[in-house]
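The values are calculated or read from the model by the stated rules, or taken from the named source; none is laboratory data. Because the structure is predicted, anything quoted here is derived from the model rather than measured. Cβ placement follows ideal geometry from the backbone for every residue including glycine, while neighbour counts extend to all protein chains displayed. For the accessible areas, the whole protein counts, side chains as well, though only heavy atoms, and no ligand, DNA or RNA atoms are used. Shrake-Rupley method; radii C 1.70, N 1.55, O 1.52, S 1.80 Å.
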Amino acid sequence: MLLQQNWVSPRWTWQSLGKSFIFFAFLMLQAADLEARRGHQFVWKTGHWGRCVGDCGSGGTRSRAVWCTHTEGWTSHHANCDQQEKPESQRRCFKVCDWHLELFEWEVSGWGPCVPGGEAGPCVMAQHGLQRRSARCLQKLDRSAVAAEICEHLAPQPPLEQACLVPCPRDCVVTDFSPWSQCGGGCSNSLRHRTRAVIAPPLYGGAPCPNLTESQTCAAAACPLGEEEHTYSLRVGPWGECRLPRRQDASLDLGEDSGELSASWLESHKAQHHPHVGQVGYQTRAVSCVRSDGRHAVLSLCVQDAVPLTSKTCVIAKDCETSEWSAWSSCSQTCSWGDLTPGFRSRHRSVRSVAMGSGKLCPELEEKEACSTGGRELLKPCPRFSWRTSEWKACQVSLFDQQSPRHRKHAVLCGGGIQTREVYCVQITVEVEKHRMKEVSRPVDGKFCLGPAPSASQLCDLPCPLECTVSAWLAWGPCLPEDCRDRQGRRGFRMRQRHVIVDPVGTLAGCPHLVESIPCEDPTCYEWIVSEGICVADHGKCGPGKHILKTVCKNKKGEEVPYHLCSELPRPDVMACEIPCATDCVLSEWSQWSPCSHSCSSKSAEGSQSRSRSILALPAEGGKACPPDRALQEHRTCNDHPCVHFFWETSPWSSCSEDVLVTALNATISWSGEAACGVGMQTRKVFCMRSGSGHVTPKRCPDSTRPETMRPCLLPCKKDCIVTPFSEWTRCPTACQPGNATAVKQSRYRIIIQDAANGGQACPDTLYEERECEDIPICPVYRWKTHRWSHCVLVPESVKQNVLGHNEACGHGLQSRAVTCLTENNESADVSECMKWAGPMPPLVQDCHIPCKDDCTFTPWSKFTACSFDCESTKTRRRSLTGRSRKRDKCQNTEVYPQVETEPCPCEVFTSQPHGNWSDCIIGGGKLELQAGVQSHGDTKECGQGVRLRAVACYDKAGRLVEPSHCSISGKEIKNKQTKKVHKLSACSFSCRVGVSAEMLTQIVQMNSFDSFFWQVYEAVPCYTECNQYSWVVEPWSPCKINSEQNSLHCGEGIQTRKVRCVSTTEDHGGETVPNTLCNKAEIPNEIRKCSLYCPNECAVSDWGPWSTCPQVCDPGTVQTRSRQVLRSPVSRKPCPEDSQMKPCILNQNCFQYQYNLTAWSTCQLNGNATCGRGVRKRLLSCVRSDGETVSARHCEQRRLEKPVETSSECVVQCMVDCRLSAWSAWSQCSQTCGSGGQMVRGRTVLLKAAAEGRPCPAQLSQHRSCPVKPCYSWHLGPWSPCRLQGGQCGDGLQVRNLTCVVHDASVSATSKPVENALCGELPLKESVLQLPCSVPCPGDCHLTEWSEWSSCELTCIDGRSFETTGRQARSRALIGQPAENTESCSGQVVETRPCSGSFARVCPAQELVLVLLKSEGRLVLMLQEGGVTRGCALQTKPAEVQHCSPACRKPFSYCTQRGVCGCERGYTEIMRSNGLLDYCMKVPGLEDKKADVKTIAGKNKPVNSKMHDIFKGWSIQPFNPDGKLKMWVYGVSASGFLIIVLLIFTSFLMCKKSKQHQSTPPQQKPLTLAYDGDIDM
């Protein structure tokens, strides 16, 4: 029972927890399944492969962007996608070399039409479609197709498909109707109308425009029967066709000449059959009467006083006749440039007969078409052109103050300069068979070469000449024989030497002699070198003894040699000496020999030197006495050689020449890496010279030092002059020239590429040739010949007889004449030749008049009377009445029929008026311009006196612009001149240490001839004076002077003195006493010192020896010592004084440390006369003691201190280069052929930019000047007149306008004034332009309204973007009919469009297809409907005229969209909040153009297609975020449930009293967040 109870509790626990566990397990499984399903909703997206990068060839790589996206379009972290399916982001590729690109290229065709795709459905905005094109790989050389894989290595294949949009059909858009027109008065029926205009025509298959007119019957009372009120209008019809009269009418058309037979008429018509004679005929028109209701009425109701013409003469229409087309000419392109520049061919035809009357005008007489290589053999590729240069010419130094002629005369120019070269263009052709380039070196015009030309000048550096620098003479050597191997010769020399410090550069003079010699006696090659040993007494410890000598045999170089070589000389073994005894006198050692008093010996002076020793201790009684004072000094001669020196002198080396002995070596030899063209010989002369005199016999100089007289040399290679071939002759004119034209010349030139050198072939003298052109065609001479005018032809009488008022043959008619073309020899020629060479054809037909009986007749006008020179005079001409006209009163009215005409005489008085601004100041404007194409590398004048020009217009007395004749003015500029002066370096500021040397630079600038200023600059240069130039010289110490007054024994302590003086150690002034200030005062020797004269029987010791040296690191625990020796032992037992001393090494007292010290870098020092270019900058090295004192460099050298880095380095002083400009080009043609405001321009280019303080390049590289104001003559068309009906009230008529020749100055505010028509030349317009048919509607006629105004420029927008690059405008004419019964028959409204452009709105509406009409104050938006446009759109659907978002879009990269919602710019995706507002913009990884693959606002609003989303769609609590991820609370609930389950299990185990405890810590689950870590693979 107990057992049963114990099992109940766990059992109940498991049953109660089972459902909860199963529920949470189900939740976990669903979450896992959801995550698994989510894995299928994320896919990898890839971008386009990038360009191949890396090494040239097959070792390149190309990469692409890879990122993870949801199936709904938004981008996610790449961890959500399957990593095993991740596409590769890199792959190997073929890296294109530069020369590959010259061989192959892709050729793509144009995009085809946009083909709609997908399912057919209702069109909302546009239909999506595809455009396709083809691509092929071509070889550039012959444009042949090759495998596509070749081009794929060079560049990716261009895309062959692209998405496109086809707009939906757009119906015609029209405006609202206008108000109704007014109804007519009275009781008759009438209509009123209203019209509307077209705003946009139908597009893309849209519905056509509706009727633009609406009519409505006016409500009027009916008129009583028979009492209708009508008005009548005379209607004139259009003129009929021009036709010839019938034969029976021939006798009725000659007016008063009717006596002539009809045969005359026929003869005139026969003459008119000449190809260039106009045929005169007649034409008629109908005249009718129309009632106001549109019905016809009898003509008598409309007849007025003046009956309109119903017939008139005319010219029979004849079309222009041309010949057949000639054969096509050859293609203008003789070589292939590809499809970009095809050639052209042409064909011609000539005029056989000109057009007459209303016949068709002549068509184009020349036709051109593009010609390519299709269907024919391939043309050879066109030549290419490339820049070439000659070699650089020699460096020319002409900078700054070296431009002075005085400087050039006395100094060699060196340093920085400029060198130039020729730059020219050459032709490169392609040999198709060999597939290689071939260069033709003949120069061509530079305009053929593309790209910038290479520089024609550059900076250079000319090394400055350096003279040879030698050291001081060393001491004279011993007397040596000529040859030590020749023991018999007794001739010897003493020699001294010096060495070269700086080798000469760029100078003809070499170094001076380096060896001098003097003859001597008893020369020896070897000698015994003796070193003394310790003196050993012969008996006892003192007294006479001997020095044991150590001897070594050495040569004169100091080298130890075998003893037998010194066998000729006695070998010293011992030398006598003496050790003082206790009672003897003690003497010091001999001092060093003093310097020799003379450097050489002569008759008047001989060199000598001395040495001395002093008494150290007095003798006692019985001891050896001290020697006398004269025995304490010794003298000997020195420098006994004569003062006359001998040396070898050489002449300069001759030039290198060929030698027979070295002919076998004259293969190409390279010495020191320098190529040469053989080996030659150089010679020179050698002389033995005596100092101070001249040449002496060679025996006076030693043969061992005789310089060589011959040496081999490298023969320089000969350089022949190389010139290009002559350029092609400049072209002669192909057009014909007048017979009296001046001779035309053609020229050619060639360029020197390499100048001759080293005896090579010289350059030719002729570089430019000129000759006259030959076989220039002479223009042919043709002229028009006009024949007599025919009789005046009227309308035939049979045509006029039915017209009222016409009963006689008179009035206006036409007359014709024949025109033929003649050559210079009066031979007949084709009319086309005269039209080409003789100008327009003279008129063939003119108006004429046959007076009627009642008309006034006059004589022809007389000639004008002569004009006087007075501008106020006039000229007149007269005519008089004839026949019956003299008796008629109306003919006497001079106002209607004037008999005198008066015109003002032409006046030759002109007035000038300036136009425009002054031109730039033109320097040297009066000089001739340089020839075109000739470059000038010289300095261009930038200052001085010049001229300013301004255009002047000339007017006649009537204020009309005429040709200019007298207009000029001038201006001035200032001068600018610069000079420079450099002073020499001053002396060093210190004599024996590092100092400063100053250089003063004076700059003088003269702005003009009256005022100038200057400034000075001091430049500090470190300098160093060697301390061994001067040294202290001391004389021997005086004997020790004892104060005898206090010491009767005359021994003990005393004082010694000596003289100290400063002497020069230089060669020229060796031993000469100089002021003490030149020597280092810190090292001056002592002039006085204490001394001791030991008394008899006292211990005598020597002087103290030098102190031992302290170590480099001064340590007070280290001591230095000195010692002395006992020279005489004392007699008594009194001890000798101390023989050694010591003291500690204390820094800067007796112990010093040394280190090298470097100065700062000096400024760049130039050599010779250079003012710029390459130089050397230095810093000095000195040895400095620890107490700051500068000491001799040997102190640092003895301690082997590490020397600092380089003390000199190369440097460059930037040359003060003035800007160099090319010469001014020739003045260009005037920008206008006539009128004011025309400009001529000339330019120049910068050949060399300014550097340092040189004159900078002027800002003005082009100059403008006004052209002369020439009169502009042009035809001026007047306004169209109202429709002229010629006597009727409605019907057909003509609109005319006048064509007038006017003169003006082409300015905006120009006023045109009429002038003679001859000044305007040929008429530019056809006759039909001056007359247009028109009509005035009669009652009952249908008529078109006037054109409406052009609509605003409209643009089609699709999906918020413009679909078109240009817009369009439209206008229309409506058709109106008055009678109600005629309105149905009225049709034919007109719509016209034209392209336009404007500033379109940046963002078009995105939801529907609308028209954006551009206006100055904003935009007008119209909604499309099937039937047109309503009166207004719904306000709630009206797009915003001004984009406005609330709240404002202040997030980075955001903007306000058309819908008033904040969106992100292109390349960024929107991250939205839960309330639908923009949170931030995130950059789209990968390519920027992958906008379709990222989340957009539209994509966000699309319905979710996921099944899991559908499951939870109805829940109030959504488990998903807007981005599709699980929310955090889902993970929290899952974790909490798991913890509860674990807790229940743990509790059940406790209830079961289990001993084992199981604890489980739930794993923490990190929520997945959307974040972009910057990885390109995202």
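Here the Karplus relation 6.51 cos²θ - 1.76 cosθ + 1.60, evaluated at θ = phi - 60°, turns the backbone of region 740-757 into coupling constants of 9, 6, 6, 5, 9, 10, 10, 9, 8, 8, 9, 10, 7, 8, 9, 7, 6, 7 Hz, with x for every Gly and Pro. Full extension of the chain between A472 and V1241 gives 270.0 nm of extra length, using 0.36 nm per residue less the Cα-Cα distance. Q497 versus V962, label points 7 Å from Cα toward the beta carbon: distance in nm? So the label points at Q497 and V962 sit 10.0 nm apart.
The trypsin sites (Lys or Arg not before Pro) found in region 276-326 that occupy coil by DSSP, while having at most 12 further C-beta atoms within 10 Å, are R295. For region 681-749, the list of trypsin sites (Lys or Arg not before Pro) that fall in a loop by DSSP and count at most 11 other C-beta atoms within 10 angstrom reads K685, R731. Cβ-Cβ distance of L365 and T231, R₀ of 56 Å, FRET efficiency by 1/(1 + (r/R0)^6): the value works out to about 0.55.
Taking a point 7 Å out from the Cα of Y897 in the direction of its Cβ, the residues of region 859-882 whose backbone N falls within less than 12 Å of it are 859, 880-882.
Were the residues from E161 through S1209 laid out at 0.36 nm apart, the gain over their Cα-Cα distance would be 370.8 nm.
Across region 1229-1243, coupling constants 3J(HN,Hα) worked out from phi with the 6.51/-1.76/1.60 Karplus curve, θ = phi - 60°, read 5, 5, 5, 10, 6, 7, x, 8, x, x, 10, 10, 10, 9, x Hz, and Gly and Pro carry x. Annotation: amide H of S608 within the under-5 Å range of S597, H598, C638, sequence separation 5 or more or interchain, hydrogens built in the peptide plane. What the Cβ-Cβ distance of A605 and E422 gives, at R0 = 60 Å and to the nearest 0.05, is a FRET efficiency of 0.30. Working note: Cα atoms of region 533-671, range along each principal axis, descending, whole Å: 93, 42, 28. For region 810-849 and region 1117-1157, write down the distance between their C-alpha centroids in whole Å. Result: 139 Å between the Cα centres. Accessible surface calculations at 1.4 Å, restricted to protein heavy atoms, place region 72-178 at 60 Å² per residue. In region 799-888, the alpha-carbon atoms span a convex hull of 249 Å³ per residue.
Per residue, the accessible area of region 732-854 comes to 62 Å² when a 1.4 Å probe rolls over the protein heavy atoms. Distance between the pseudo-spin-label points of T507 and Q396 (7 Å out from Cα toward the beta carbon): 2.9 nm. If the segment from H1050 to A537 were pulled out straight at 0.36 nm per residue, it would be longer than the present Cα-Cα gap by 181.7 nm.
Listed cross-link partners K836/K1270; K554/K1090; K554/K699; K368/K1270; K863/K887; K887/K957 are compared with a 31 Å cut-off, the Cα-Cα value being larger for K554/K1090; K368/K1270; K887/K957. The packing ranking of peptides 1136-1147, 1240-1251, highest mean first, is 1240-1251, 1136-1147, where packing means the average number of other beta carbon atoms within 10 angstrom of each residue. A cut-off of 5 Å between modelled amide H atoms, ignoring neighbours fewer than 5 places along the same chain, links G811 with I850, C852. Take the Cα of S326, go 7 Å toward its beta carbon, and the backbone nitrogen atoms of region 712-753 under 18 Å from that spot belong to 734-737. Sorted largest first by accessible area at a 1.4 angstrom probe radius, with every protein chain in place, the residues S704, S190 fall in the order S704, S190.
Taking a ≥ b ≥ c as the square roots of the eigenvalues of the alpha carbon gyration tensor, region 1252-1366 is oblate, as a/c is not under 1.5 and a/b does not beat b/c. The distance between label points at E88 and N211 comes to 7.3 nm (points 7 Å beyond Cα on the Cα→Cβ vector).
Label zone of N740 (point 7 Å out along Cα→Cβ, amide N under 19 Å): in region 779-800 this covers 779-784. Estimate the FRET efficiency between A756 and S1262 by the formula 1/(1 + (r/R0)^6), using the beta-carbon distance for r and 41 Å for R0, to the nearest 0.05. With R0 = 41 Å, the Cβ-Cβ based efficiency is 0.55.
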